[in-house]
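Okay, so here's the structure we're looking at.
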Amino acid sequence: MPVQLILLLINIAGEVIKFLTADQMERYRRNMLLDGVGVDGQKKLLQSSVLVAGSGGLGSPVAYYLAAAGIGHIGLLDGDTVDLSNLQRQILHFTPDLGRPKVVSAREKISALNPDIKISVIGQRMDEKNYKEIISQFDLVVDGTDNFEARFLINRACVEQRKPYIFGGVLGYSGQVMTIIPGQSPCLSCIFRHVPSGEAPSCDREGVLGAIPGLIGTLEVAEAIKVILNIGEPLIGRLLTCDVLTMQFMPVEISRDPDCPVCGGVDV
Ligand SMILES: [Zn+2]
């Protein structure tokens, strides 16, 4: 065997051993078997940081699957405490967690699932004062919020800071997902120019099937991983709408609005 080849093999092996422990190799084996992931992709996941905005119905599957996949730093943001009416869909929280801060309950569950990752908790609601600073600490934001005010703040900060934002929303038997890459794709304000005024439809008033945030949150994680690894075709300029009553999954083409007050004029 040529000396150069032996040295190359030693380098590759050294790199793997240096970065991934035997436990990591075993824990993430099924990720690394995938085309487009491999050892390098797993390293990227371990080196990435993702903010999960909300530890409720959407945030639950999002936090579980990001943690299980080995996202190296996960931020959990939520200012609420666990209520009995949450447990129908917010599977991060169990009955003994009633009354506890959601971020504390959430951290316990995902750190038990994967002690290999760093978890930061932010036990407050996102508002005009804190949103830019919070988002600046992460590479990417996944939507687990339940209101348009928070989504518009996330959208604005992500466009300003050129960070990908995976949008998700649920209501009744349906949900939506879209991936926003500032400079490349339409943003939330290209679709909805303003925060809806008055009483917007909400799960509180109209209900939601618990499996819907499970479905939409899981799709959001798939999008986040694709964006981090730069693989596949993320939902850029496509709003995927899912309705489980009819089992219709329909991507709707969305264009950038050159006059958008948030992303108009923003280039790659
Ligand atoms: Zn826009």
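What follows is calculated from the coordinates using simple rules that are stated; it is not laboratory data. Given the structure is predicted, the values throughout are model-derived calculations rather than measurements. Every residue, glycine as well, gets a Cβ built from its backbone with ideal geometry; the counts of neighbours run over all protein chains shown.
Taking a point 7 Å from the Cα of Ser202 along the Cα-to-Cβ direction, the residues of the stretch 152-175 with backbone N closer than 17 Å to it are 152-153, 169-172.
Dimensions of the stretch 72-115 from C-alpha coordinates, computed as largest minus smallest value along each principal axis and given longest first, are 31, 19, 15 Å.
Restricting to the stretch 117-209, what percent of DSSP beta bridges are antiparallel, rounded to 5? Antiparallel bridges: around 70 percent, rounded to the nearest 5. Highest average first, the peptides 117-125, 28-36, 59-67, 40-48 ordered by how many other beta carbon atoms sit within 10 Å of their residues are 59-67, 40-48, 117-125, 28-36. Note on the stretch 122-263: Cα-only Rg and Dmax are 14.6, 42 Å. Near Phe167: Cβ cut-off under 11 Å, other residues only, Lys/Arg at +1 and Asp/Glu at -1. The net charge is -2. Packing here is the average count of other Cβ atoms within 10 Å per residue, and on that basis the peptides 217-223, 105-111, 259-265, highest first, run 217-223, 105-111, 259-265.
Using a simple spin-label model with pseudo-atoms 7 Å out from Cα toward Cβ, Ala222 and Lys129 lie 4.1 nm apart. Cα centroid separation, the stretch 118-157 to the stretch 42-96: 13 Å. Just so you know, the Rg over Rh for the chain is 1.00, from Cα atoms, with Rh as the Kirkwood radius. From helices alone, the chain scores -11500 deg cm²/dmol at 222 nm; the rule is -39500 (n - 2.57) for each run of n ≥ 4 DSSP H residues, then divide by the residue total. For the stretch 220-225, 3J(HN,Hα) computed residue by residue from phi via the Karplus equation (6.51, -1.76, 1.60; θ = phi - 60°) reads 4, 5, 4, 5, 4, 5 Hz, glycine and proline entered as x.
Across the stretch 48-253, the relative contact order, built from alpha-carbon pairs under 8 Å that are at least six residues apart, equals 22 percent. Over the stretch 55-138, the fraction of Cα-Cα pairs per 5 Å bin, rounded to whole percents and listed from the shortest bin up, is 3, 16, 27, 24, 18, 10, 2. Listed by chain and number, the lysines placed with their C-alpha closer than 19 angstrom to that of Lys102 are Lys118; residues fewer than eight positions away on the same chain are left out.
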